1. Gly110 fails exactly one of the following numbered conditions: (1) more than 10 Å from Thr52 (Cβ to Cβ); (2) within 18 Å of the chain's Cα centre (by Cα); (3) assigned to a strand (DSSP E or B). What is the number of that condition?
2. With (1) among the hydroxyl-bearing types (Ser, Thr, Tyr); (2) within 11 Å of Glu214 (Cβ to Cβ); (3) in contact with a Phe, Trp or Tyr (Cβ under 6 Å, 6 or more places away or on another chain) as the list, and Tyr171 as the residue in question, which single condition is left unmet?
3. Could you tell me whether Tyr119 is in a strand (DSSP E or B), of a type in the set (Phe, Trp, Tyr), away from the ligand (no atom under 16 Å from the Cβ) and touching a strand residue (DSSP E or B) at 6+ places or on another chain (Cβ under 7 Å)?
4. Have a look at Gly139, Gly144 and point out the one that is under 18 Å from Phe257 (Cα atoms) and within 16 Å of the ligand (Cβ to nearest atom).
5. Hey, any hits in the range 163-180 for a residue that's away from the ligand (no atom under 16 Å from the Cβ), part of a loop (DSSP other than H, G, I, E, B) and either in the same structural domain as Pro219 (by TED's automatic domain parsing) or at pLDDT below 95 (or both)?
6. Could you tell me whether any residue of the range 220-238 is among the β-branched types (Val, Ile, Thr) and within 16 Å of the ligand (Cβ to nearest atom)?
Amino acid sequence: MLNIHPANAFRDNYIWIIHNQNYAVVIDPGIATPVIEYLQLKKLQLCAILITHHHNDHTGGIVELIKLSDIPVYGPGNESIATISNPVQQNDIVSLQEISLNLTVLDTPGHTRGHIAYYGSNPWNMIFCGDTLFSCGCGRIFEGSAAQLYQSLQKISQLPEDTLIYCAHEYTLGNIQFARTVDPENRKLNEFAITAQELRHKNTPTIPATLALEKAINPFLRCDHQQIINSAQNYSGKPMQNPENVFAVLREWKNKF
Ligand SMILES: [Zn+2]
């Protein structure tokens with residue numbers, strides 16, 4: 001039986017810990033303390049670290065964790081992260097035998113140049129996508145281009161509809177505010193706004209959501225919908241040429257929102 005636990009870190013990061021009651025794998029440990037505390041609480045042995053991109057709030061805990069045990073650190077082959085022992089790229093399979101989990105690497109550049117995500121289909125469909133796709137939003141473009149991030153989100157949106165999206169931040173309420181401005185008539189979005197508020201009120205994560213829900217509510221996955229196209233057009237004052245163009249306008253708009 002696999003468990004996936006969100007360890008809270010910093011203001012709004014989730015460090016995902018996947019475990020089977022004996023062994024654990026951690027994704028994006030920006031800081032070691034909450035990981036070590038959880039491992040001790042549940043008497044788990046850490047057997048691997050997975051990294052999506054080089055930002056410090058995703059990598060800052062690696063050094064301390066690998067001091068405690070000699071374990072592999074998987075991460076993007078296209079970024080220079082000194083502590084990575086196993087660089088990986090598109091279509092590589094990360095075989096985590098201790099927890100009987102295979103994850104496939106997807107290149108998802110845009111937020112950073114070499115950002116990757118990890119997709120698994122057994123025992124259920126799941127993706128650990130770092131700062132690429134958030135619930136009801138997406139990552140900022142720091143190193144890549146809007147076209148790259150758009151393509152990365154398109155790649156994720158091709159996965160099975162029931163894929164659970166384990167992103168690295170609890171940005172959902174802020175994202176919903178923006179989404180409702182862009183897509184005010186969206187009934188599912190307005191319903192989810194209530195659900196998300198209730199969850200956060202109880203300090204419960206809104207993550208993971210399914211890909212199906214994201215396709216229904218996330219404006220960055222809905223750049224071909226007429227309402228979103230109209231909103232982007234009104235905001236920019238220019239006619240939209242294609243969904244990628246809509247995406248670029250939305251991303252800039254969100255930066256200033
Ligand atoms: Zn980041």
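The values are calculated or read from the model by the stated rules, or taken from the named source; none is laboratory data. Note that this is a predicted model, so its numbers are computed, not measured. Please note: Cβ atoms are built from the backbone with ideal geometry, for glycine as well, and neighbour counts cover all protein chains shown.
1. (3)
2. All conditions pass for Tyr171, except number (2).
3. Here the answer is yes, as Tyr119 does meet what is asked.
4. Step by step, each of Gly139, Gly144 is checked, and only Gly139 is under 18 Å from Phe257 (Cα atoms) and within 16 Å of the ligand (Cβ to nearest atom).
5. Yes: one or more hits.
6. No; the residues of the range 220-238 include none that is among the β-branched types (Val, Ile, Thr) and within 16 Å of the ligand (Cβ to nearest atom).
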